[in-house]
Each structure stands twice: as structure tokens, then as C-alpha cells.
Amino acid sequence: SGRNFVVAQAVYSARARELIRSLLGPDLVFVVLNLAPELQARRLAERFALPPSQHGSMLRYCRGFEAATEQERRTLSMQVEAGKTPAKMAQELREFLAACDSAP
């Protein structure tokens, strides 16, 4: 429905998201993933095939993110938990995008 591309990138602060939005336009949508640093560290470690004994070493990359606020237009704050499936997250995103499309 008119979406041209997706960029996957860590954007640490609301201020940085606002700067990017000012450059790319008001129709830009952000999805901010909210998850415990320990879960994020474990997932990163698994992605890089690190042994479980080194999962904690990834924690330094999982701190400092600002959660999205309700004031951030067209920004989905998605809660990620260990048991939440990719299909559930995709459905949540589809519903959010549909709501964005129908908003004035």
C-alpha cells in the first residue's frame, strides 16, 4: 500500500528518530522494539553463533535505547517477549500500518 522500502537499523533516541523523520517526510513509520537487554543479548549471541557462556558479552550492545513515546507520530512501540512469535509480531505490525493508512 505505497510503501517503498524498509530499513533495519538501531535508532537509539526519539531525537534521532525525529531528525530522520524530518529528512524523509511525515509518512515515515518507525517500529521500536522493546525487549529486555538480556533477551536481546541472547538473540544477538545466537545470531553470531556465540556459545552460551559468551551471551553476557553482548549486553553492552543492548543498552541506551529510548522507548517510543505516544507523542511520536506513526511510531509503533512493539513489546518483544521470549514466547512472542514472529507471526504475532508481523500481525501487530500489519494492524498498525492499516491504522496509519486510515488515519487523516
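Only helical runs count toward this figure. For the chain, summing -39,500 (n - 2.57) over DSSP H runs of n ≥ 4 and dividing by all residues gives -12000 deg cm²/dmol at 222 nm. Between the Cα long axis of helix 14-24 and the first principal axis of the chain there is an angle of about 50°, rounded to the nearest 10. Packing-based ranking of 24-32, 77-85 yields 24-32, 77-85, ordered from highest to lowest mean Cβ neighbour count within 10 Å. Taking only Cα atoms, what is the 0 to 90° angle, nearest 10, from helix 86-102's long axis to the longest principal axis of the chain? Result, in degrees: 20.
Angle of helix 37-47 to the longest C-alpha principal axis of the chain, folded into 0 to 90 degrees and rounded to 10: 80°. Seen from Pro26, the other residues with C-beta closer than 9 Å to its C-beta sum to a net charge of +2, counting Lys and Arg as +1 and Asp and Glu as -1.
Expressed as a whole percent, the accessible area of segment 27-98 that falls on carbon and sulfur atoms is 56 (1.4 Å probe).
Ligands, DNA and RNA are left out, and with a 1.4 angstrom probe the accessible area of segment 8-64 is 69 Å² per residue. Charge dipole of the chain (Cα centre as origin; +1 on each Lys and Arg Cβ, -1 on each Asp and Glu Cβ, all else neutral): 260 debye, rounded to the nearest 20.
The Cα atoms of segment 47-92 give a gyration tensor whose axes a ≥ b ≥ c have a/c of 1.5 or more with a/b no greater than b/c, which makes the shape oblate. As a ratio to 2.2 N^0.38 Å, the alpha-carbon radius of gyration for the chain is 1.19. Take every Cα pair under 8 Å whose residues are at least 6 apart in sequence, average their separation, divide by the length of the chain, and the relative contact order is 30 percent. When you filter the chymotrypsin sites (Phe, Trp or Tyr not before Pro) in segment 33-81 for DSSP loop state and at most 12 other Cβ atoms inside 10 Å of their Cβ, you are left with Phe48.
The values are calculated or read from the model by the stated rules, or taken from the named source; none is laboratory data. This structure is a prediction, so every number in the text was calculated from the model and none was measured. As a convention, Cβ positions derive from the backbone with ideal geometry for all residues, glycine included, and neighbour counts pool all protein chains shown. SASA here: full protein model, heavy atoms, side chains in, ligands and nucleic acids out. Shrake-Rupley method; radii C 1.70, N 1.55, O 1.52, S 1.80 Å.
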